[in-house]
Amino acid sequence: MSTVRRNEPCPCGSGRRYKDCHGKLDAEPANSDALLQRALAAHQQGRVDEAERAYREVLAADAGNAVATHYLGLVAWQRGDLDEAESRMRASLALNSSIPDFHNNLGLLLRDRGRGAEGVEEFRATLRIDAGWTEAYSNLGLTLEALGRWDEAVAAYREAIARVPAFAVARQNLARTYLVRGELAQGWDEYRWRLVAQGESARAPDREALRFPLSLAGRDLVLMTEQGLGDVLFFLRFAPELVRRGARLAFRGDARLHPMLARTGLFALGMGAPDAPAPGLEAIPFGDLPWLLEMNDAAKAPASLRLAPEPQRVARMRELLEAQGARPRVALTWRAGVKSPGPTKTQLKEIEPAMLGAALRGHRATWISVQRFPREGEREKLSASIGAPVLDMSAANADLEDMLALLSLVDSYIAVSNANIYLCAGVSGAMRILVPNPPEWRWGLAARSPWFPEVPLYRQGLDGDWSAALAKLAADLARG
């Protein structure tokens, strides 16, 4: 591998030039530099085993090499050994505390370990060393959100944007922070940057773009999927308003949605795959709809799009459920999202099945697991904790039409936020949602979400404790 030039991107992946990042480590012995560069490049490219061997080889020759020490800590984090990761990262800071990336990564690890206040101090240390290290502002804001310090989070994102106006990730984070606080006008404006932040567009939002007028007569629009299934189902609530204003609609997105969307009668111009051509149609990303419609008053938020399940599937599901037990029938989901190793922000929403079951114990119901990809033994633990059988209907996740039919027949759905709740909202809305901290923006900070005003919410504590939320859930169930 060729030597990294001083003005090229640093192989560590920071996004900074080598001379401004690890190229500043002039104190490191020159004979370890080439091997260290190869290790960093391998690590950046996902060849973690190769990188680990190279870091250890560097340390065998130079035990005080701060970079190899630090990135061995990152390897340990990626492998799930958080104690080793923290030990290595702190050791690297003892060797060289002037590298902002070291503080930033330690801050991320501390946030991941539930020690956000300590993480905040590491991000602030990063910025004291280099106020231009804009990623640290974004990481600081995310950590402050988890601590419930929303005003400070907004300030961190604004500072990042003041320094780099096109910092799309900070703008996306600021959008989410505004939206969770109910500041919709500011939130939707910044939310337009999400496509840049996610690499879907290289162009900043057009400041001169016009909102939708009250009449869309003669406009043929194609609504484009650019987010996950749950987000698409959420934003579909805005489609009826487009039709009411006179627009004709087409849909480009997940084929699993096509039959149920066709039954709504909203998409007169048909369905297609996400990348299917749409000649002559005006392309509108789903997430831009609230901005285009100026949906800035939470009190006027449209309800979830009504969805009609297939009658034959409903009949089949009803027969199956009636053979299993009496009403009420309660569906359960305790985990959604993916836990990411290392510094990537985790999207996992989870509550232990045994904890959830303890809150449900003593309440009569036919309990139904609709957990996607349940882990071995989870349903059995849930059943033991409830003290009653739990019917396994997880296979319904393989077909959205089956899940829609099933959820149309349950009396309640107790779940962490996942794509199925939007299907349930489309057929009944009888849900109780377990909201992790920090909340997704659509759940807000108030007792009820403006987007789901009839749905009781049970919020995890700032410290990660579910006890109060589950006690409230048990009390609400007892009241009926």
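Coordinate-derived values only; no laboratory data. Model, not experiment: these values are computed from the prediction. Ideal geometry is used to build each Cβ from the backbone, glycine not excepted, and the neighbour counts take in all protein chains shown.
Using only the alpha carbon atoms of the range 40-153, find the Kirkwood hydrodynamic radius as the inverse mean reciprocal pair distance, in angstroms to one decimal. List each step's numbers first, then the result.
On the way: mean 1/r = 0.0695 Å⁻¹.
Result for the range 40-153 stands at 14.4 Å.
Placing one equal scatterer on every Cα of the range 220-300 and applying the Debye formula, the log10 ratio I(q)/I(0) at q = 0.18, 0.19, 0.21, 0.24 Å⁻¹ is -0.70, -0.78, -0.96, -1.27. Dimensions of the range 376-471 along the principal axes, based on C-alpha atoms and rounded to the nearest Å, stand at 33, 31, 20, largest first.
For each of Ser412, Ser215, Ser138, count neighbouring Cβ atoms within 10 Å of the residue's Cβ, then give the residues from fewest to most. Present the calculation step by step, with values, prior to reporting the outcome.
Details: Ser412 18, Ser215 10, Ser138 24.
Listing Ser412, Ser215, Ser138 from fewest to most nearby Cβ atoms yields Ser215, Ser412, Ser138.
Just to be sure I follow the rule: in the chain, considering lysines 8 or more places apart or on different chains, how many pairs have Cα atoms under 23 Å apart? Lysine pair count for the chain: 5.
In the chain, Cα pairs under 8 Å separated by at least six residues give a relative contact order of 10 percent.
For a quick check: sort Leu195, Leu404 by the number of other beta carbons within 10 angstrom, fewest at the front. Numbers along the way, then the final one.
Details: Leu195 21, Leu404 24.
In increasing order of surrounding Cβ atoms, one gets Leu195, Leu404.
Among Glu208, Glu152, sorting on how many other beta-carbon atoms sit within 10 Å of each Cβ, with the fewest leading, yields Glu208, Glu152.
Mean residue ellipticity at 222 nm, helices only, the chain: -13000 deg cm²/dmol; runs of at least 4 DSSP H residues each add -39,500 (n - 2.57), and the sum is divided by the number of residues.
The fraction of all Cα pairs in the range 302-419 landing in successive 10 Å bins from 0 to the largest distance is 13, 42, 32, 12, 1, given as whole percents.
Given the alternatives [x] 39.8, 129; [y] 25.5, 80; [z] 25.1, 75, Rg and Dmax of the Cα atoms in Å as computed for this entry is given by [z].
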